[in-house]
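One structure coming up, written as structure tokens, with questions to follow.
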Amino acid sequence: MKKEKKHQDDTNSSEDVTPKVTGVGGIFFFSENPEKTKEWYSKHLGLEVNQWGSSFEFRNANRPDEINYLQWSPFKEGSDYFAPSKKEFMVNYRVQNIEGLVDNLKESGVTVLDNIETFDYGKFVHIMDGEGNKIELWEPVDSVFTAMGLKTTK
């Protein structure tokens with residue numbers, strides 16, 4: 001049975017916390033030389049780059065005052081971060097209610113590769129899709145990135 005929850009806040013309005021994907025959180029791909037790749041994208045396409053790649057800033061459609069982020073990151077070819085996938089890319093999806101989503105995925109027979117890990121900037125877990133692509137699921141805490149004050153691509 002799929003898990004769904006509604007959360008009541010102090011104003012008595014309900015917020016949908018159905019376990020699901022809410023957007024794209026990152027695009028990760030192999031590169032022969034990640035540093036040169038970041039430099040090229042910065043020089044030619046205007047991306048603001050940092051040690052991870054580039055953080056794209058956007059507004060939350062449901063809470064327009066909230067800043068959200070999408071991470072674009074080149075990884076060194078051969079990195080095992082995408083394993084066990086044999087693909088040259090990985091997509092990170094923003095999710096809500098990651099625990100409920102993982103429960104639903106397991107009930108549906110989806111391969112969940114690891115346990116949910118919690119960091120100050122969110123919760124993560126990795127799954128495999130039906131075609132052997134490793135997928136990263138992220139329940140973000142965007143305010144941590146906002147507080148860092150990094151330059152972002154807008």
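Values in this text are rule-based calculations from the coordinates and carry no lab data. Only a predicted model underlies this, so the values are computations on that prediction, with no experimental measurement involved. In this analysis, Cβ positions are derived from the backbone assuming ideal geometry, glycine residues included, and neighbour counts consider all displayed protein chains.
I want the local charge near Y93. Using Cβ-Cβ distances under 15 Å, sum +1 for each Lys or Arg and -1 for each Asp or Glu among the other residues.
Overall, the nearby charge balance is 0.
Pick out, in residue order, every one of the GluC sites (Glu not before Pro) in the range 67-109 that is DSSP loop and has at most 13 other C-beta atoms within 10 Å; say none if there are none.
E77, E88
Let me ask something additional. Which label marks the calculated value of P(r) over Cα pairs in 5 Å bins from 0, in percent, given the options (i) 2, 7, 14, 16, 13, 11, 9, 7, 5, 4, 4, 3, 3, 2, 1, 0, 0; (ii) 2, 7, 15, 16, 13, 12, 12, 10, 7, 4, 2, 0; (iii) 2, 9, 15, 19, 19, 16, 11, 5, 3, 1, 0?
For P(r) over Cα pairs in 5 Å bins from 0, in percent, the calculated option is (iii).
Between M128 and E35, what is 0.36 nm times their sequence separation minus the Cα-Cα distance? Round to one decimal in nm.
30.7 nm
Suppose a student asked you for the relative contact order of the range 1-142, using Cα pairs under 8 Å spaced at least 6 residues apart; what percent would you report?
26 percent
For the residue pair A61 and Y121, what label-to-label distance in nm results when each label sits 7 Å from Cα along the Cα-to-beta-carbon direction?
Roughly 2.5 nm, to one decimal.
Rounded to the nearest 0.05, what FRET efficiency do V21 and K43 have when you use their Cβ-Cβ distance and R0 = 35 Å?
Calculated transfer efficiency: 0.60.
Taking a threshold of 20 Å on the Cα-Cα distance, which of the pairs K86/K123; K86/K134; K43/K86 fall above it?
Violating the 20 Å Cα-Cα cut-off are K86/K123; K43/K86.
Share of antiparallel DSSP beta bridges in the chain, in percent to the nearest 5?
75 percent
Okay, moving on. For every helix of n ≥ 4 consecutive DSSP H residues, a contribution of -39,500 (n - 2.57) applies; sum these over the chain, divide by its total residues, and give [θ] at 222 nm rounded to the nearest 500 deg cm²/dmol.
Mean residue ellipticity at 222 nm (helix-derived): -5500 deg cm²/dmol.
Rounded to the nearest 20 debye, what is the charge dipole size of the chain about its Cα centre when +1 sits on each Lys and Arg Cβ and -1 on each Asp and Glu Cβ?
Dipole about the Cα centre, nearest 20: 340 debye.
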